[in-house]
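Data first, discussion second: the structure below is written as structure tokens.
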Amino acid sequence: MRMLVTGGAGFIGSHFVRQTLSGGYPGLGCDEVVVLDKLTYAGNLSSLSPVLDDPRLRFAQGDVCDRETVAEMVRGVSLIVHFAAETHVDRSIADGGDFVRSNVLGTHTVLDAALEAGVDKVVLVSTDEVYGSLSEGSAAEDRPLAPNSPYAASKAASDHFARAYHRTFGLDTCITRCSNNYGPYQFPEKLVPLFITRLLDGLTVPLYGDGRHVREWVHVDDHCRGIALVAERGSPGATYNIGGDTELSNVRMAGTLVSQLGLDESLVRFVEDRQGHDRRYSLDDSRIRRELGYRPSVPFEEGIESTIRWYTENRSWWEPLRAPAHRDLLGTSAER
Ligand code: NAD
Ligand code: TYD
């Protein structure tokens with residue numbers, strides 16, 4: 001079976017590809033992987049280096065918005081796992097244009113190509129951020145969408161297209177909505193890798209607002225196992241939340257990273273808050289647990305320890321990506 005993975009040179013997509021090719025998902029029965037990735041600032045071929053020589057992998061640099069390229073890539077493909085997207089909330093606040101293009105138009109192009117080529121199944125990888133901020137409780141899949149950032153709005157639009165292609169054309173689409181991921185090979189602009197890499201360089205880390213915003217954390221390996229289960233056995237047209245069991249305030253996450261690195265809390269600096277900053281995300285993922293037997297298996301303490309170790313031992317991966325603090329990069333004001 002041939003699978004197309006879009007965005008397979010990104011953080012989560014590359015993990016999914018490496019795991020697939022090292023036999024992590026035998027139930028998928030996949031013996032050929034085609035990766036289509038534009039290699040934006042967030043895409044990195046070196047994240048695929050452990051499998052780049054594998055004869056079962058074909059890599060193509062290209063844009064999911066390009067109809068001809070996508071049509072060529074889906075030829076002979078049975079399954080598409082669609083990761084490709086612009087993903088950083090702060091960048092979407094600075095300029096949402098690429099988010100509309102890649103996340104909305106890109107998904108529409110992939111769905112059209114899948115329909116035309118008779119692809120058996122498309123799994124759209126989405127996010128808990130489409131549900132918006134929750135003051136209490138957890139969001140189940142039938143909760144109305146209330147995206148608050150331009151990133152979340154573009155992902156919600158993408159979800160709607162996947163649903164509509166199932167309802168209108170009968171295309172077998174599944175949507176997964178996962179909480180915040182952490183793990184190796186994550187671009188050092190997101191909270192966990194930004195903080196680890198700055199702390200390793202003896203720099204301060206910028207905590208937005210009062211730092212009491214809560215995120216649900218899941219190791220990338222658990223997320224990808226959930227996606228594989230949905231690809232294998234998810235019901236056509238269904239949505240599955242994928243959670244991680246670990247809700248933490250940002251101030252606690254920062255404290256954990258600082259203390260695991262044996263550093264002083266004074267390195268954590270409170271800076272101006274993100275605009276429209278969602279206070280809390282929390283997923284009810286009982287459906288995927290009940291129907292597909294999913295359960296996160298990486299305990300947070302172990303996962304964060306091995307992630308810190310990976311960044312410590314793999315400077316050569318992240319040093320070239322290290323930019324000025326990303327808010328500086330985006331031209332907005334922030335204390336360093
Ligand atoms: P990432 O930013 O690390 O990687 C995105 C990849 O997509 C990059 O390789 C990039 O080059 C590629 N890409 C972007 N635009 C493209 C285009 N137009 N055509 C082709 N390729 C393009 O992102 P990630 O963290 O790996 O996230 C992957 C998916 O998972 C996204 O859809 C994201 O919304 C979703 N998700 C992420 C998280 C998280 O915590 N990181 C949580 C839930 C869901
Ligand atoms: P992030 O990793 O950008 O993921 P998301 O916004 O998609 O949840 O941010 C996680 C949380 O950490 C979020 O509440 C914003 C906060 N944050 C900071 O406090 N400082 C930072 O430098 C970054 C990047 C994020």
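The values are calculated or read from the model by the stated rules, or taken from the named source; none is laboratory data. The structure presented is a predicted model; accordingly, all values stated were derived computationally and were not measured. Quick reminder, even Gly has a Cβ in these numbers, built from the backbone with ideal geometry, and neighbours come from all protein chains shown. With ligands, DNA and RNA removed, areas are computed over all heavy atoms of the protein, side chains included. Shrake-Rupley method; radii C 1.70, N 1.55, O 1.52, S 1.80 Å.
Mind listing whichever residues of the stretch 174-198 are among the aromatic types (Phe, Trp, Tyr), crowded, with 22+ Cβ neighbours inside 10 Å and within 9 Å of ligand 1 (Cβ to nearest atom)?
Those that are among the aromatic types (Phe, Trp, Tyr), crowded, with 22+ Cβ neighbours inside 10 Å and within 9 Å of ligand 1 (Cβ to nearest atom): TYR182, TYR185.
Select, from SER286, SER235, the only residue that is more than 27 Å from SER14 (Cβ to Cβ) and assigned by TED's automatic domain parsing to the domain that holds HIS82.
SER235
For PHE16, indicate whether it is open to solvent by 10 Å² or more (accessible area, probe 1.4 Å) and aromatic (Phe, Trp, Tyr).
On the way: open to solvent by 10 Å² or more (accessible area, probe 1.4 Å): no; aromatic (Phe, Trp, Tyr): yes.
No.
All but one of (1) touching a strand residue (DSSP E or B) at 6+ places or on another chain (Cβ under 9 Å); (2) surrounded by 17 or more Cβ atoms within 10 Å (Cβ to Cβ) hold for GLN61, so report the exception by its number.
Here GLN61 meets the rest and fails (2).
Using the structure shown, decide if TYR185 is outside any helix (DSSP H, G or I), at pLDDT 95 or above and among the hydroxyl-bearing types (Ser, Thr, Tyr).
In short, yes.
From ASP66, ASP90, ASP31, which residue is within 16 Å of ligand 2 (Cβ to nearest atom), in the same structural domain as SER126 (by TED's automatic domain parsing) and either at negative phi or acidic (Asp, Glu) (or both)?
On inspection, the qualifying residue turns out to be ASP90.
Out of LEU194, LEU229, LEU171, I need the residue that is in a helix (DSSP H, G or I) and away from ligand 2 (no atom under 11 Å from the Cβ). Which one?
LEU229
Of the residues ALA42, ALA60, ALA71, only one is in contact with an Asp or Glu (Cβ under 9 Å, 6 or more places away or on another chain) and within 16 Å of ligand 2 (Cβ to nearest atom); which?
It is ALA42.
Does the stretch 280-298 contain any residue that is at pLDDT 95 or above and within 17 Å of GLN260 (Cα to Cα)?
For the stretch 280-298, residues at pLDDT 95 or above and within 17 Å of GLN260 (Cα to Cα): absent.
Within the bounds of the stretch 249-266, is there any residue that is of a type outside the set (S, T, N, Q), buried (at least 21 other Cβ atoms within 10 Å of the Cβ) and either outside any helix (DSSP H, G or I) or not assigned by TED's automatic domain parsing to the domain that holds LEU194 (or both)?
no
Hey, ASP54 hits all of (1) open to solvent by 50 Å² or more (accessible area, probe 1.4 Å); (2) farther than 18 Å from PHE161 by Cβ; (3) modelled with pLDDT of 95 or more but one; which does it fall short on?
Against the list (1) open to solvent by 50 Å² or more (accessible area, probe 1.4 Å); (2) farther than 18 Å from PHE161 by Cβ; (3) modelled with pLDDT of 95 or more, ASP54 comes up short only on (1).
From ALA113, ALA157, ALA84, which residue is assigned by TED's automatic domain parsing to the domain that holds GLY43, touching a Gly at 6+ places or on another chain (Cβ under 9 Å) and either assigned to a helix (DSSP H, G or I) or open to solvent by 10 Å² or more (accessible area, probe 1.4 Å) (or both)?
After ruling out the rest, the residue left standing is ALA84.
List every residue pair whose Cβ atoms lie under 8 Å apart, where the two residues are 6 or more positions apart in sequence or sit on different chains, the first residue falls within the stretch 171-192 and is closer than 14 Å to VAL298 by Cβ, and the second residue, located anywhere, is assigned to a helix (DSSP H, G or I) and aromatic (Phe, Trp, Tyr).
That search, which allows pairs on different chains as well, returns ASN181/PHE11; GLY183/PHE11; GLY183/TRP310; PRO184/TRP310; PRO184/TYR311.
Let's see how each residue does on (1) under 19 Å from LEU191 (Cα atoms); (2) in contact (Cβ under 8 Å) with a residue 40 or more places away in the chain:
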position	(1), (2)
GLY211	yes, yes
CYS224	no, yes
GLU247	yes, no
LEU257	yes, yes
GLN260	yes, yes
LEU292	no, yes
SER297	no, yes
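What pairs come out if I take residues in the stretch 31-43 that are modelled with pLDDT of 95 or more and open to solvent by less than 50 Å² (accessible area, probe 1.4 Å) and pair them with residues that are more than 16 Å from ligand 2 (Cβ to nearest atom) and of a type in the set (Asp, Glu) whose C-beta lies under 7 Å away, six or more apart or interchain?
Once the first residue is modelled with pLDDT of 95 or more and open to solvent by less than 50 Å² (accessible area, probe 1.4 Å) and sits in the stretch 31-43, its partners that are more than 16 Å from ligand 2 (Cβ to nearest atom) and of a type in the set (Asp, Glu) give GLY43/ASP37.
Considering each of GLY27, GLY23, GLY8 in turn, give the residue that is assigned to a loop (DSSP other than H, G, I, E, B) and more than 15 Å from ligand 1 (Cβ to nearest atom).
Step by step, each of GLY27, GLY23, GLY8 is checked, and only GLY23 is assigned to a loop (DSSP other than H, G, I, E, B) and more than 15 Å from ligand 1 (Cβ to nearest atom).
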